[in-house]
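Down below is the structure, laid out as structure tokens.
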Amino acid sequence: MTEKFLQYIKFEKGYSINTCIAYQSDLEQFFSFTQNTFETIDIAVIDYQMIREWLSSLMESGVQARSIRRKITALKSFYKYHLREGGVLINPTLKIITPKIPKKLPIFIEEANMEALLDTDDFTDDYSQVRNMLIIEVFYNTGIRLSELINLKEQDLDIGNLTLKVLGKRKKERIIPITNFLKGKFLHFSEIKAKQGVSCKEKDDYIFLTKFGKKVYAKLVYRIVNYYLSGITTVNKKSPHVLRHTFATHMLNNGADLNAIKEILGHSSLSATQVYTHNSINKLKSIYKQAHPRA
């Protein structure tokens, strides 16, 4: 019942592995509830009131609004698919209202702190150090996601045109400009790889590799970012996504167009990018105080 749906969102819709796993877990939890409470897992029998009961039980258990929102999205997608396929005649999720989530301001690193980290004359020939610093540079210079960085291939880097091709969510490609400075970092990294005999052992020629030639993995990259950010900031979260927030915030603070940032980040709508304007208002207040005669 759920297997065809999961195959559909994975292969036809191009959902990420993590999203597919989350949706599978949500659906299993839902049908476990209907089985225990109403003694049915028949999607044609389950109605709006049963779904309401499930959501109420989640709220009473203290499940966060963000998690409930995702579970509702999973269930809505599931029923929409089966309505189209003829598995049900009525979609019982149509009247379900998704709870609103209070927006949190993105955490970011101050410019001076990032400069302190990246402006160093420590030119090392150690493969891991060169790779790790380039990872930080790429996150901060492009704003790409963790999964996007891990899957960068050699053919995605166009040194001549100073661009980086990124495969984002739902397998959407986008082209991101890079600086001459970052180009130099990539070239230096390639030299170090060649000198130390690090070559890709995977079927695809990935850029970022372990010393054994395997594609870097999420936990390793997370540890690298956490290690370097721990030396320059006291913010609680020190993840690749914080560097993505930092990229967007610093770009806005320095006058970049919001639509341009949207395209670089790979956001599907401008509303997702507008959250960074809340951080940038602090910069505007500072400028206002300095420039206005009555401030």
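The values are calculated or read from the model by the stated rules, or taken from the named source; none is laboratory data. The model shown is predicted, which means the values in this text are computed figures rather than measured ones. Neighbour counts run over all protein chains shown; Cβ positions are idealised from the backbone, glycine included. Remember, those area values only see protein heavy atoms, side chains included, never the ligands or the DNA or RNA. Shrake-Rupley method; radii C 1.70, N 1.55, O 1.52, S 1.80 Å.
Over the chain, accessible surface divided per residue gives 59 Å², non-protein components excluded, 1.4 Å probe. Counting Lys and Arg as +1 and Asp and Glu as -1 over every other residue whose Cβ lies under 10 Å from the Cβ of VAL166, the net charge comes to +1. Among ASP205, ASP26, the order of accessible area from largest down is ASP205, ASP26, computed with a 1.4 Å probe on protein heavy atoms. State the percent of C-alpha pairs, over all pairs in region 1-155, separated by a distance greater than 28 angstrom. More than 28 Å apart: 43 percent of the Cα pairs in region 1-155. Using +1 on the beta carbon of Lys and Arg, -1 on that of Asp and Glu, and nothing else charged, what's the dipole of the chain about the Cα centre, debye to 20? Its charge dipole is roughly 600 debye. Given axes a ≥ b ≥ c from the Cα gyration tensor, I'd like to know whether region 87-153 is rounded (a/c under 1.5), prolate (a/b larger than b/c) or oblate. Taking the square roots of the gyration eigenvalues as a ≥ b ≥ c, region 87-153 is oblate. Full extension of the chain segment joining ILE17 with ASN226 gains 72.9 nm, where the gain is 0.36 nm per residue of separation less the Cα-Cα distance. Each label was represented as a point 7 Å from its Cα along the Cα-to-Cβ direction; for ARG66 and GLU3 these points are 3.4 nm apart. Taken over the alpha carbons of region 75-116 as equal point scatterers, the Debye sum produces base-10 log I(q)/I(0) values at 0.19, 0.24 Å⁻¹ of -0.68, -0.83.
For region 179-269, GluC sites (Glu not before Pro) meeting the loop criterion (DSSP other than H, G, I, E, B) and having at most 15 other Cβ atoms within 10 Å: GLU202. Roughly speaking, what is the centre-to-centre gap between region 214-282 and region 11-42 when only Cα atoms are used, to the nearest Å? Cα centroid to Cα centroid, the span is 31 Å. Ranking of MET1, MET251 by solvent-accessible surface, largest first: MET1, MET251 (1.4 Å probe, protein heavy atoms only, all chains present). Using the Cβ of GLY87 as centre and a radius below 12 Å, the other residues enclosed give a net charge of +1, where K and R count +1 and D and E count -1. Among the protein heavy atoms, those of LEU105 account for about 100 Å² of accessible surface (1.4 Å probe, every chain in place). Looking at region 1-91, the GluC sites (Glu not before Pro) that sit in a DSSP loop and have at most 12 other Cβ atoms within 10 Å of their own Cβ are GLU39. If you sort VAL138, VAL235 by accessible surface, 1.4 Å probe, largest first, the order is VAL235, VAL138. For the chain, the extents of the C-alpha atoms along the principal axes are 67, 64, 33 Å, listed from largest to smallest. For region 138-261, the fraction of 1.4 Å probe accessible surface lying on carbon and sulfur atoms is 52 percent. In this structure, the residue pairs whose Cα-Cα separation is over 28 Å, taken from LYS13/LYS201; LYS185/LYS238; LYS13/LYS165; LYS195/LYS237, are LYS13/LYS201; LYS195/LYS237. Solvent exposure of ARG66, expressed as accessible area, is near 150 Å², computed with a probe of 1.4 Å over the protein chains only. Please label the shape of region 1-77 as rounded, prolate or oblate, based on the square roots a ≥ b ≥ c of the eigenvalues of the alpha-carbon gyration tensor (a/c under 1.5 means rounded; beyond that, a/b larger than b/c means prolate, else oblate). The shape class here is oblate. The label point for LYS95 and the one for ILE41, both projected 7 Å from the Cα toward the Cβ, are 2.7 nm apart. Taking 7 Å steps out from each Cα toward its Cβ at ILE175 and ASP204 produces label points 2.0 nm apart. Cross-link partners of LYS203 among aspartates and glutamates, defined as those whose alpha carbon lies under 19 angstrom from its own and excluding same-chain residues fewer than eight positions apart: GLU148, GLU154, ASP156.
With contributions of -39500 (n - 2.57) from each DSSP H run of at least four residues, the per-residue ellipticity at 222 nm computed over the chain stands at -17000 deg cm²/dmol. Projecting the Cα atoms of ASN141, GLY184, ILE159 onto the charge dipole of region 133-245 (Cβ charges, centred on the Cα centre) puts ASN141 farthest toward the positive pole. The Stokes-Einstein estimate for region 152-207, based on a Kirkwood radius over Cα pairs and taken at 37 °C with 0.692 mPa s viscosity, is a diffusion coefficient of 266 µm²/s. The mean sequence distance of close C-alpha pairs (under 8 Å, at least 6 residues apart), as a share of the length of region 87-191, puts its relative contact order at 19 percent. Sequence-distant contacts, meaning Cα pairs under 8 Å at least 6 residues apart, place the relative contact order of the chain at 17 percent. Rg/Rh for region 103-242 stands at 0.94; both radii use Cα atoms, and Rh follows the Kirkwood definition.
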